[in-house]
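Enquirer: Got a structure here, written out as structure tokens. Questions coming.
Read-outs throughout are calculated quantities, based only on the coordinates presented, and are distinct from any laboratory measurement. What you see is a predicted model; the values in this text were computed from it and never measured. For neighbour counting, all protein chains shown are included, and Cβ atoms are generated from backbone atoms with ideal geometry for every residue, glycine included.
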Amino acid sequence: MKLIALALKNLTRHRLRSLLTILGVAAGMFLYTSVETMQEALAKATQSSADDTTLVVYRENRFCPMTSRLPEHYLSTIQRIPGVRQVIPIQISVNNCGASLDVITFRGVPPDALRQYNANLQVIDGSYEAFTMRSDAALVGSHFARRRGLNPGDQFEAVGVNVYVAGIITSDAPQDDNVAYVHLPFLQQASRVGLGIVTQFNVKVASSDMLDRVATKIDATFKSDQQPTHTRPEKAFFAETAKQMIELIGFTRWLGLGAVLAVLGLVANAVLLIVRARVKETAILQTLGYSRKNIATIVVFEGALLGVIGGLLGVFGAFFFFIIKSFTIGNEGLTLALAPTTSVCMSGMMVALLLGLIASIYPAWKATSQPLIQSLSAD
Amino acid sequence: MSLISIHSLTKSYTKGKSTITPLENLSLNVPRGEFLALMGPSGSGKTTLLNLIAGIDSPTMGELEVDGRDIARLSRSELTRWRASHVGYIFQLYHLVPILSAFENIELPLLLGKLTKAQRREKVYAALELVDLVDRAHHRPSELSGGQEQRVAIARAIVHDPSLLVADEPTGDLDRESADAILNLLQTLAREHDKTIVMVTHDPKAADAADRILHLEKGQLIEQGGLNPAAENTPSPAPDHRL
């Protein structure tokens, strides 16, 4: 503890040098946390698990909701396929089919079927009843509402659709937090798609091992129809449809790695400079009876403190930045909410601490390896 | 009884292709509580001898016992531990840690022990009182005069109560008045606190404060004189050490 206090004094009494290093570490860890947040959001949206039982029925060879058009009457046919538990037709309207950081997505659904289809949907403000009572009512995802500053009772217009906010919702499915659910007939008319046409069907099957079988059966059923379908598990649908966005986010992993290496180099350089500037001071401490282990401990603590303090600033800076800005990255009508989690923050802090420790190893060795007599006579 | 007992001590090292022997076959005894001055021209081996006695360097050959311990046989880490409890080192240029206050500099040797914060504080203030710098406890080295810095360095050297103090030109960077005050302080430490002091100096006036003066030349003692008559006649220093 006494050596930690000494390391802390070394840092606090060289304020400018420490501050500049900490700011550098914070910038690197901000970038690292941002990248990890994107990677985690992507992993959640695309990695399937044994609990996944949802299929998405889309128009074959279509990738944007503006071009995927399926007859609403497919509903009753799909419902009759063995293994299907529930089906909901969805009309999707987006302001931008390309990659964007501010995608506005309307999902038109039969109002009475929504709650039945998605039992996990929670209305955290406003009411579901208000949604069912007004044809222009919308249930807005909490992330979307925060981004747009919307509250129940508000009216807002986007993609040429003017809606009344009946409630704010949240759900286990991250997609639900980024969309506005509206009445299906209302959206069909407001977006000029026309009654009887939907973008997709979301199908829940009895168990995850039935996904492939049911998907094959659905596609086979409509193969000879004018609008053939392509049915995939929801997460595979996301992975395939938002391919460009996924590639882009996948690339950011390299940025994260770059940030980690930059932090490593920065702390190592800073600590090495500190050690070089203190050759004589270190020798004096050794003359006073400080062992090489004591000296190395002080150096390593300094590196670790720089890493941890910079990490705290960078990681929690990114955490609050993402919360305040509520970024949602979207592509082909699919959205990915960039919401940092505690696990990302914890891993960021661990990385910062490890980087601080690793970066100090060489300077610590350097500080203790020089012969005492030589260090004492150093200029 | 000798605190320092040196027998046939040799120190040599290689520099490039040549071997340099700053000390050769040197023997010396220093009684406990003695204030010894080592004099000699540059390169005579006096600082090498001081570093060997202080345990910050190891001899090539010979015996070197301090307080009954043969420190010539100790490993680097054993020497470090030994220094922490037995030696106080006073440098010509004080070598205080610039970012720490006088109090914190003096406290440095105590951080290695198991003393509580209150015990450390008590010892630091006792040392500050001895060097008459209590009112400068929280000043940084840059806020002190050269003489005050050296007194802080002396307080740091004695705070853990070592039996041996080694001083390398402790007055070399000070004006006469400050130098005299430092020498008085060293005499007090030897006479009243039973510290054995080995001091290297070029200054004959500084050497006069010691109980005994030894001259080194080319790594050998050329004169192992008796007690310094000047020091014997020097009255006990005045209690006021202000510089």
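Enquirer: Return, for the Cα atoms of region A:61-227, the radius of gyration and Dmax in Å, separated by a comma.
Expert: For region A:61-227, the Cα-based Rg and Dmax read 16.0, 47 Å.
Enquirer: How would A:M245, A:M29, B:M61 line up from fewest to most surrounding beta-carbon atoms within 10 angstrom?
Expert: So the ranking, lowest neighbour count to highest, is B:M61, A:M245, A:M29.
Enquirer: Also, quick follow-up: Need the list of lysines near A:K217 for cross-linking: C-alpha distance under 23 angstrom, and skip anything on the same chain fewer than eight residues off.
Expert: A:K204, A:K235
Enquirer: For every helix of n ≥ 4 consecutive DSSP H residues, a contribution of -39,500 (n - 2.57) applies; sum these over chain A, divide by its total residues, and give [θ] at 222 nm rounded to the nearest 500 deg cm²/dmol.
Expert: Theoretical 222 nm ellipticity from helices: -17500 deg cm²/dmol.
Enquirer: Between region A:1-74 and region B:137-193, what's the alpha-carbon centroid distance in Å?
Expert: Taking the Cα centre of region B:137-193 as reference, the centre of region A:1-74 is 59 Å away.
Enquirer: For a quick check: with amide H placed at 1.01 Å from N, whose amide H comes under 5 Å from A:A158's, ignoring anything fewer than 5 positions away on the same chain?
Expert: A:V163
Enquirer: Using amide H atoms built in the peptide plane, which far-off residues or other-chain residues are under 5 Å from A:F327 H to H?
Expert: Distant-sequence amide H within range of A:F327: A:L338.
Enquirer: Describe numerically, in nm with one decimal, the distance between label points set 7 Å from Cα along Cα→Cβ at A:L353 and at A:I373.
Expert: Modelled inter-label distance: 4.3 nm.
Enquirer: Expressed as cubic angstrom per residue, what is the convex hull volume of the alpha carbon set of chain A?
Expert: 156 Å³
Enquirer: May I pose another question? Which residues' amide hydrogens lie under 5 Å from the amide hydrogen of B:A167, considering only partners 5 or more residues apart or on another chain, with H built in the peptide plane?
Expert: Placed amide hydrogens put B:I90, B:V198, B:M199, B:V200 under 5 Å from B:A167.
Enquirer: Sort A:I168, A:I324, B:I106 so that the residue with the fewest other Cβ atoms within 10 Å of its own Cβ comes first and the one with the most comes last.
Expert: A:I324, A:I168, B:I106
Enquirer: Then there's this: With no solvent and one equal point scatterer per Cα, compute the Debye intensity ratio I(q)/I(0) for chain B at 0.08, 0.10, 0.12 Å⁻¹ and report its log10, rounded to two decimals.
Expert: So the normalised log intensities work out to -0.29, -0.46, -0.67.
Enquirer: So if I take the centroid of the Cα atoms in region A:319-379 and the same for region A:102-165, what is the distance between those two points in Å?
Expert: Centre-to-centre distance over Cα atoms comes out at 40 Å.
Enquirer: Rounded, prolate or oblate for region B:133-205? Axes are the square roots of the Cα gyration tensor eigenvalues, ordered a ≥ b ≥ c, and the cut-off for rounded is a/c under 1.5.
Expert: oblate
Enquirer: Determine ³J(HN,Hα), in whole Hz, for all residues of region B:106-112 in sequence, where each value follows from phi through the Karplus function 6.51 cos²θ - 1.76 cosθ + 1.60 and θ = phi - 60°; x replaces Gly and Pro.
Expert: Here the 3J(HN,Hα) series is 5, 6, 3, x, 6, 5, 7 Hz.
Enquirer: May I ask for the net charge around B:A179, where only other residues with Cβ less than 11 Å from the Cβ of B:A179 are counted and Lys, Arg are +1 while Asp, Glu are -1?
Expert: Net charge in that neighbourhood comes out at -4.
Enquirer: Can you give the % of DSSP beta bridges in chain B that are antiparallel, to the nearest 5?
Expert: Of those bridges, close to 55 percent are antiparallel.
Enquirer: Between A:Q189 and A:T216, what is the label-to-label distance in nm when each label sits 7 Å out along the Cα-to-Cβ direction?
Expert: Inter-label distance under the simple model: 4.3 nm.
Enquirer: Percentage of Cα-Cα pair distances in region A:153-243 greater than 20 Å, rounded to whole percent?
Expert: Cα-Cα pairs of region A:153-243 separated by over 20 Å account for 55 percent.
Enquirer: What's the exposure ranking of B:W82, A:W254, A:W365, going from fewest to most Cβ atoms within 10 Å?
Expert: A:W254, A:W365, B:W82
Enquirer: Separate question: May I ask you to list the aspartates and glutamates whose Cα is less than 16 Å away from that of A:K325, ignoring any residue fewer than eight positions away on the same chain?
Expert: Cα-Cα hits under 16 Å: A:D102, A:D177.
Enquirer: As a test, work out the antiparallel percent of DSSP beta bridges whose residues both lie in the protein assembly as shown, rounded to the nearest 5.
Expert: 65 percent
Enquirer: When you take every Cα atom in region A:5-93, what is the radius of gyration, and what is Dmax, the widest Cα pair distance, in Å?
Expert: Every Cα atom of region A:5-93 included, Rg and Dmax give 26.1, 75 Å.
Enquirer: Could you go through region B:93-105 in sequence order and give the Karplus-derived ³J(HN,Hα) for each residue, using 6.51 cos²θ - 1.76 cosθ + 1.60 with θ = phi - 60°, rounded to whole Hz, and x for Gly and Pro?
Expert: Result, ordered by residue: 9, 6, 6, 7, 6, x, 8, 9, 6, 4, 4, 5, 5 Hz.
Enquirer: Moving on to the next point. In whole Å, what is the distance between the alpha-carbon centres of region A:198-221 and region B:44-103?
Expert: Result: 82 Å between the Cα centres.
Enquirer: Same structure, new question: Mind jotting down a quarter of the surface of the convex hull over the alpha carbons of region A:199-266, in square nanometres, one decimal?
Expert: Answer in nm², one decimal: 6.9.
Enquirer: Could you check the spin-label model distance between B:A118 and B:L93? Points 7 Å from the Cα along Cα→Cβ, value in nm.
Expert: In this crude label model, B:A118 to B:L93 measures out at 4.1 nm.
Enquirer: Restricting to lysines 8 or more places apart or on different chains, can you count the pairs in region B:2-233 with Cα atoms under 27 Å from each other?
Expert: The result is 16.
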